[in-house]
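**Q** One structure, pasted below without further comment.
The values are calculated or read from the model by the stated rules, or taken from the named source; none is laboratory data. Predicted, not measured: the structure shown is a model, and the values here were computed from it. Note: ideal-geometry Cβ built from the backbone for every residue, glycine included; neighbour counts use all protein chains shown.
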Amino acid sequence: MKKLKVHVKMPGPLYEKVLADLKRPHEFAGERVGFLYTTHKIIGGRMIIWINSYSPVKDDHYIYDRSVGARFSGAAIRDAMEQVITHNSGSVYVHLHNHKGVPAPSEADKNGIPGVVQSLVHANPTATHGYLILSKNSFFVRLQLPGGSLVTAPECISVIGKPMVFHYPGKRLHKFGDKYSRQSFLGPESQFLFGQVRVAIVGLGGGGSHVAQQFAHIGILNPAIFDGDHAEESNLNRLIGAWFMDILRRTLKTRIAKRLFKKILPGVAVECYDGRWQDYAEAMQTCDIVVGCVDDYASRAELEAECRRYLIPYIDIGMDVHVDEAGKSHISGQVITSIPGWPCMRCLQFVTEEKLGKEAAKYGQAGIRPQVVWPNGTLASTAVGIVVELITGWTSQGMGNNYLSYDGDKGTLVPSHRLKFLPEEACDHFPLSQSGVPAYQSL
């Protein structure tokens, strides 16, 4: 049987919460510990594990013992086992080694942790269990997969934020050659990461075709592209990579994009999905970042909801041409970055029930939507820059400017005024505790 490629995903706000909790001093214990809870899914040769919640060991469950960093009572393990059974989840025992660099288990860890993990395996043998050691900037993870006794290391651990954190245990970095020497300022790991991450493009029209071309230039080696349409004559004013013969041959847009990728980046492994992304949802769920280039609010809402559930940053781009009362046309657009745990498109009032209702009422009456190449290029280039920032963190800008408004008349792209009115509390439209595969709970 081929070995599974295991990827562990953890939302950034939860990661920060866990770090802060584990750093709290205890009355007598040398360190704090806790339990993370997970869901998982096997898709093809990949297993994705989503961490969605955390419970610290209660203060009164620690036992005084200066010979180890932390010793706790059976009540702490029973609490974790009850959580695992009630929520049909997996579990990961977690603690912190408060230094930089890749942590490693101590002798006390090696002697004590396996017994804790086995207790959790007995509580729910169909789930994945294990332990995680955090440092200030790295991870050490060992997992016991369902139905097996072998302990395995994941291929990748990622923290979903801006920027994202990717940790590939045992992988060596690529050296920069002449081809990418002029983008080496993005960081020593940048080209390695571009070769590892899976980035999806949904919609390969005017915006998505620009994104595909630029991904090829920067060296994204594992793109997944989704579109069921073929090239039409009206696409030639903006569809990057399309030829006139593609119209006569009714070439699928995915094949045009794949050809474009291959011409620029021969070693690329393009995955083409010739249809609605909903028909290939599992392929989407394995991606690290999604760029959406879709035309309507309903499609955006569905795509964002899928990405939120499976801890995938979603970048939305779009342009519109509207006519004022005087009959003059105006171009506008947006680039929105939606990251699990932070404001979503509903928080930003970009997607609302009113807009969805009006759109539904006009279903089938939309007609031909005006589109031109240069706004698509501007918005797509900005989206690609955001993808690069998510992967490399080279600008260190954090979560600001996640809603950019485009004024095509003035040629400006600026932070939206709606950012000033965001609620202070975390996004409640997509709770992090509901991340990953939906699970049945015992009542």
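**Q** How many residues does region 131-168 hold that are more than 21 Å from the chain's Cα centre (by Cα) and touching a residue at least 12 places away in the same chain (Cβ under 8 Å)?
**A** Residues of region 131-168 more than 21 Å from the chain's Cα centre (by Cα): 131, 133, 135-136, 142-152.
Those left that are additionally touching a residue at least 12 places away in the same chain (Cβ under 8 Å): 131, 133, 135-136, 142-147, 151-152.
Final tally of qualifying residues: 12.
**Q** Hey, another quick one. Out of region 314-339, which residues are assigned to a loop (DSSP other than H, G, I, E, B) and either under 21 Å from residue 276 (Cβ atoms) or at pLDDT below 95 (or both)?
**A** Answer for region 314-339, where residues must be assigned to a loop (DSSP other than H, G, I, E, B) and either under 21 Å from residue 276 (Cβ atoms) or at pLDDT below 95 (or both): 324, 325, 326, 327, 328.
**Q** Let me ask something else. Restricting attention to region 111-121, which residues are in contact (Cβ under 8 Å) with a residue 40 or more places away in the chain and either surrounded by fewer than 16 Cβ atoms within 10 Å (Cβ to Cβ) or within 30 Å of the chain's Cα centre (by Cα) (or both)?
**A** 120
**Q** Does region 344-362 include one or more residues that are exposed (fewer than 11 other Cβ atoms within 10 Å of the Cβ) and either outside the structural domain of residue 408 (by TED's automatic domain parsing) or aromatic (Phe, Trp, Tyr) (or both)?
**A** no
**Q** Of the conditions (1) in the same structural domain as residue 101 (by TED's automatic domain parsing); (2) out of contact with any Asp or Glu (no Cβ under 9 Å at 6 or more places or on another chain); (3) not in a loop (DSSP other than H, G, I, E, B), residue 182 satisfies every one except a single condition; which number is it?
**A** (1)
**Q** Counting just the residues of region 246-278 that are among the small types (Gly, Ala, Ser) and closer than 19 Å to residue 292 by Cβ, which one comes out surrounded by the most Cβ atoms within 10 Å (Cβ to Cβ)?
**A** 257
**Q** Could you check region 31-75 and list, in sequence order, the residues that are over 31 Å from the mean Cα position of the chain (by Cα) and polar (S, T, N, Q)?
**A** Matches in region 31-75: 67, 73.
**Q** In addition: In region 90-115, which residues are at pLDDT below 95 and either part of a helix (DSSP H, G or I) or hydroxyl-bearing (Ser, Thr, Tyr) (or both)?
**A** 106, 107, 108, 109, 110, 111, 112, 113, 114, 115
**Q** Go through region 393-437 and give me each residue that's assigned to a strand (DSSP E or B) and surrounded by 13 or more Cβ atoms within 10 Å (Cβ to Cβ).
**A** Within region 393-437, 403, 404, 405, 406, 407, 413, 415 qualify.
**Q** Looking at (1) more than 26 Å from residue 285 (Cβ to Cβ); (2) buried (at least 21 other Cβ atoms within 10 Å of the Cβ); (3) modelled with pLDDT of 95 or more, which one does residue 243 not meet, given that it meets all the others?
**A** (2)
**Q** On the basis of being under 30 Å from residue 402 (Cα atoms) and modelled with pLDDT under 95, does residue 162 make the cut?
**A** The answer is yes for residue 162.
**Q** Checking residue 192 against (1) under 21 Å from residue 9 (Cα atoms); (2) aromatic (Phe, Trp, Tyr); (3) assigned to a loop (DSSP other than H, G, I, E, B): exactly one of these is not met. Which one?
**A** All conditions pass for residue 192, except number (3).
**Q** How many residues does region 204-240 contain that are of a type outside the set (A, V, I, L, M), under 18 Å from the mean Cα position of the chain (by Cα) and either modelled with pLDDT under 95 or outside any helix (DSSP H, G or I) (or both)?
**A** Here the count works out to 3.
**Q** Further question: Of the residues 400, 393, 408, which is over 10 Å from residue 162 (Cα atoms) and in contact with a Pro (Cβ under 8 Å, 6 or more places away or on another chain)?
**A** Being over 10 Å from residue 162 (Cα atoms) and in contact with a Pro (Cβ under 8 Å, 6 or more places away or on another chain) holds for just one of 400, 393, 408, which is 408.
**Q** Now for a different question. Quick one: which of 202, 197 is of a type in the set (A, V, I, L, M, F, W, C) and in contact with an Asp or Glu (Cβ under 6 Å, 6 or more places away or on another chain)?
**A** Answer to the check: 197.
**Q** Which residues, counting only those in region 183-204, are small (Gly, Ala, Ser) and either crowded, with 21+ Cβ neighbours inside 10 Å or within 15 Å of residue 258 (Cβ to Cβ) (or both)?
**A** 190, 200, 203
**Q** Only one of 196, 213 is without any contact (Cβ under 8 Å) to a residue 60 or more places away in the chain and in contact with a Cys (Cβ under 9 Å, 6 or more places away or on another chain); which?
**A** Testing whether each residue is without any contact (Cβ under 8 Å) to a residue 60 or more places away in the chain and in contact with a Cys (Cβ under 9 Å, 6 or more places away or on another chain) leaves just 196.
**Q** Another question, then. Please find, among 392, 352, 382, the residue that is in contact with a Ser or Thr (Cβ under 7 Å, 6 or more places away or on another chain) and among the polar types (S, T, N, Q).
**A** That would be 392, the only listed residue that is in contact with a Ser or Thr (Cβ under 7 Å, 6 or more places away or on another chain) and among the polar types (S, T, N, Q).
**Q** Also, I was wondering about something else. Filter region 299-317 for residues that are surrounded by fewer than 18 Cβ atoms within 10 Å (Cβ to Cβ) and touching an Asp or Glu at 6+ places or on another chain (Cβ under 7 Å) and give the result.
**A** None; the set is empty.
**Q** Further question on the same structure: Looking only at residues in region 143-159 that are part of a strand (DSSP E or B) and among the hydrophobic types (A, V, I, L, M, F, W, C), which one is modelled with the lowest pLDDT? Walk me through how you get there before you give the answer.
**A** Narrowing region 143-159 to residues part of a strand (DSSP E or B): 143-144, 151-152, 156-159.
Checking the rest, the ones that are also among the hydrophobic types (A, V, I, L, M, F, W, C) come to 143, 151, 156-157, 159.
Working: 143: 95, 151: 75, 156: 95, 157: 96, 159: 97.
Checking each candidate, the answer is 151.
**Q** Another one. If only one of 296, 320, 324, 288 is surrounded by fewer than 23 Cβ atoms within 10 Å (Cβ to Cβ) and closer than 28 Å to residue 438 by Cα, which one is it?
**A** 296
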